[in-house]
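Structure, as structure tokens:
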Amino acid sequence: MFFGRLEKKNGFPASWTSLTWVLVFLIAVGCLVIGFLDIIAPPQPLEDGALTAIFPDAARTENSNEPFSHYRALDANGRLIGAIIITDSIPPAVKGYIGEIGSAVGITVDGRITFATPVRHRETPYYMEMIFGSGLLEEIGGLDLSRPFPDIDTVSGATVSSRAIIRDVQEASSKAAHTLFGIEVPPPVISMKNTWADWKTIIIAMLLTMSLLAGFVRERKWLKEVVMVLNLVGIGFLLNTPLTLSALSRVLTLNLPGPENTLLILLFLYILISLPLQGRAYCRFVCPFGTLQKLANHLSPWQLNLTPDILAYLPNIRRLVLGLLLFLAVWIGWDGFTEVEPFFSFFSLKLTSIMWVMVIFILIMSMFLRRFWCNTMCPTGTLLSMVSRFVRPRSGKVDETV
Amino acid sequence: MERSMKRYRQLPPAAAALLLGLTLLLVLLTGWQREIVSRHPVADLPFVDMNRLKQQIDQGNVGRNEALYYRKDYAGADTTEIR
């Protein structure tokens, strides 16, 4: 059997291997279906509590679809005092890190923003937490739309998402204030920074090009090691943008990166080119956490070997872990389970307490077992490995370990 | 360090299984922790009294941002406050 070839050499039952493949395949198809249903589903109305928080002065609200879908905010006497709009119902559609963002914005009849907050989005919860805790939304609240929109700073570490939110709120609320209340709004001055000419984009483009070329070079181990260290510094500590299950799961649910998310687009482009030609080259010398484990491995003079039995089980365990995480995150809706990888927030050093324990444990284990995380659990590497089986089936190489 | 200079030892299968189990446990605990610290709209909570919430916002006891997005890990404090 196609799926069973891998473990036969150790007498491992091929049916188990087939089972883990089928399980992950079914879960992945389910993710695609869920993503599709999500796209065609009508938007959910905002709850009363959310409306109250956005427009506290409103005694009640009522729906209106003219000239676009919004909520009319009324005082106790039924007098119109403002409106609550959802930005995704007013063009243009603004994409954040992943997918379109819909922010709820309260606007008074005299053109003041009461509050604005994203309510419909597929952004990574971790980055949205950074935005919610940054004071950005409070800065937008209270702005007078009849005056020029101030230049609001983006949130460091969540630049793409925060820039998209600012732009989205500015464009939609300006249009709404003019259309609904006849307020003369100064033309929006959108500081559309060209992210393709940004230094971060240039650095990652150079690193990935270098990695792609290094993948074609045979021998010359030192060259690959130099590229690995550069990627550790660049993609890891400087840009903090390794490929994660969080990003992959969003693509799996048909939420593609926005045009301003140049780093992720380039990373996906690299994967698309390198996977059919070089297999898991990403894992071997682009992944910064892989390099970190390799460096840890150099520190110890003692090494542990796994028995053939355990080695035969590992790919199946990895596939089961990947399937479990995707199931919990997409099918059940517990998004946090796509953020379990140690490199997800390690390079920003913003780790939760348990994550710290896990990272330290993995790095210590990597001293004695080569690339402990990559070879035992890594869901991102497992997904790449599974895809590579299909895109380079004739390579004859078993791309299970790195 | 060259591979040949390292001293190799076989890890007993039971120890390897224990390590794998421990790693999986840490992965699941991390996922659980990330999930519960993510914020959720307060309106998702069935027990929240909206009039009380509005009053709290008016009095400045609950920030609008806090009211709209709510950390489950502070459940005790926030729920009592909003309730």
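The values are calculated or read from the model by the stated rules, or taken from the named source; none is laboratory data. Worth saying up front: this structure is predicted, and the values here are computed from it rather than measured. Quick reminder, even Gly has a Cβ in these numbers, built from the backbone with ideal geometry, and neighbours come from all protein chains shown.
Every residue in segment A:133-154 that is buried (at least 20 other Cβ atoms within 10 Å of the Cβ) and either assigned to a helix (DSSP H, G or I) or within 14 Å of another protein chain (Cβ to nearest Cβ) (or both), please. Within segment A:133-154, A:Leu136, A:Leu137, A:Ile140 qualify.
Within segment A:302-358, the residues that satisfy the criterion of being facing chain B (nearest Cβ under 10 Å), closer than 18 Å to A:Gly290 by Cβ and within 16 Å of the chain's Cα centre (by Cα) are A:Val340, A:Glu341, A:Pro342, A:Phe344, A:Ser345.
If we keep just the residues of segment A:90-108 that are hydroxyl-bearing (Ser, Thr, Tyr) and in contact with a helix residue (DSSP H, G or I) (Cβ under 8 Å, 6 or more places away or on another chain), which is nearest to A:Thr52 (Cα to Cα)? Going through the qualifying residues, I end up with A:Ser103.
If you check A:Leu325 against the conditions, is it in contact (Cβ under 8 Å) with a residue 24 or more places away in the chain and over 16 Å from B:Arg34 (Cβ atoms)?
Values: in contact (Cβ under 8 Å) with a residue 24 or more places away in the chain: yes; over 16 Å from B:Arg34 (Cβ atoms): no.
Here the answer is no, as A:Leu325 does not meet what is asked.
Quick one: which of A:Leu311, A:Leu351, A:Leu320, A:Leu272 is assigned to a loop (DSSP other than H, G, I, E, B) and surrounded by fewer than 20 Cβ atoms within 10 Å (Cβ to Cβ)?
Exactly one residue qualifies, and that residue is A:Leu351.
Name the single residue that is surrounded by the most Cβ atoms within 10 Å (Cβ to Cβ) among those in segment B:1-29 being hydroxyl-bearing (Ser, Thr, Tyr) and modelled with pLDDT under 90.
The first filter runs over segment B:1-29 and keeps only residues hydroxyl-bearing (Ser, Thr, Tyr), leaving B:4, B:8, B:23.
With the extra rule that they be modelled with pLDDT under 90, the set shrinks to B:4, B:8.
Numbers: B:Ser4: 5, B:Tyr8: 9.
The selected residue is B:Tyr8.
Would you mind stating whether A:Phe289 is within 25 Å of the chain's Cα centre (by Cα), at pLDDT below 95 and within 25 Å of A:Ser211 (Cα to Cα)? In short, no.
Could you pull out every one of the helices (runs of 4 or more DSSP H) wholly within segment A:155-264 that has 1 or more residues that are assigned by TED's automatic domain parsing to the domain that holds A:Glu339? Write out each step before concluding.
On the way: elements: A:159-181, A:199-216, A:221-231, A:245-252.
Of the helices (runs of 4 or more DSSP H) lying wholly inside segment A:155-264, those with at least 1 residues that are assigned by TED's automatic domain parsing to the domain that holds A:Glu339 span A:245-252.
Only one of the numbered conditions (1) at negative phi; (2) in contact (Cβ under 8 Å) with a residue 12 or more places away in the chain is violated by A:Thr307, and that is (2). Among what's in segment A:49-72 and is surrounded by fewer than 16 Cβ atoms within 10 Å (Cβ to Cβ) and not in a loop (DSSP other than H, G, I, E, B), pick the residue that is farthest from the other protein chains (Cβ to nearest Cβ). Here the residue is A:Ser64.
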